[in-house]
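Just so it is clear, none of the values below were taken in a lab; they were calculated from the coordinates. What you see is a predicted model, and the numbers here were worked out from it, not measured in a lab. Don't worry about glycine lacking a Cβ; one is built from the backbone with ideal geometry, like all the others, and counts go over all protein chains shown.
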Amino acid sequence: MLSWECNSDRTKPQLHLKQEVLPCWSKSGAAMDLVLNVADRYVLTPYVYPASWPEDGALRQILSLLVVTNLGAAILYLGLGAISYFFIFDHDLMKHPHFLENQVLREIKYAMTSLPWISVPTVALFFAEVRGYSKLYDNVGDSPLGWPGLFLSMISFLLFTDMCIYWIHRFLHHKLIYKLFHKPHHIWKIPTPFASHAFHPVDGFLQGLPYHIYPFLFPLHKVLYLLLYVFVNIWTISIHDGDYRVPDTLTSVINGSAHHTDHHLFFDYNYGQYFTLWDRLGGSYRHPSALMGKGPLEVVRRLQAEGKLSGRGKTQEHASGHSQYGRRKDE
């Protein structure tokens, strides 16, 4: 069980975990300090940094956060993306005329090139958390509402970030902004799970910013914050995985893969992240074509039945530059 006890010597705060003493950074708590504690104890202190570099030194913390953030992002992206790609993603989608040659490798290459750049401003926010400037707390008892407060913060986190991402996403579709930052993500008209993080660095950081802003504005348990951060990555991958299954009662509420696939295909619909609320309020909601029997998989099956597919998604229709989706305003 975790407990924080900062001793009378404020230059040497300590975290006690099962009788083992680990360093801590601030009594107010930060999500990334848990990660840094483990990294320092088992890798960075014994094998990487010289003994003269204190664990609570600013430069060391920044460098450590850069390493941990990039490593964590790569593991989440490649690991969860691979699980989704091999076990959930319908590979028949790769036969679609809009699926690009070597698309999966191109998605991975683009994402792995962008993630280090996205990590730079992200680490600045993590560093502020570690230094105690956020409203993250350590124990459930630190919340005025206790356990109910924990569950309420989960709901408010989802609602707040969904609202912010909707408007950021719409902003990125503005004609003066789109080609500079967001268009690279729309190269993938038929996305795979690996398209989930294939963003321009500015695009990726802006769409991830609400997750990092939330704990500076609202109280949040730091372990819950880490869990929500993992959930966010899982969700981002899931809305690119081509698995359109959502309970019928939730299809009008949850912004799932079917909704987001239409965003890639039709460009100016379904900007939301988790829910359809802001799309409905903003007049950008579109009922998913896949849920009406007119989605990408139906196109593939129709072309197969008509004998029009040759090779991986090559058709005479596609070669001439036409398709059932027509040309989009972003092209």
Practice task
Go through 179/308; 95/179; 95/175 and tell me which ones have a Cα-Cα distance over 29 Å in this structure.
Solution key: 179/308; 95/175
Problem - Two-site label geometry, residue 183 and residue 280: point separation in nm, points 7 Å out along Cα→Cβ - result: 3.5
Fill in the blank from the handout: Total charge of the residues flanking residue 87 in space, meaning their Cβ is under 13 Å from its Cβ, with Lys and Arg +1 and Asp and Glu -1, is -3
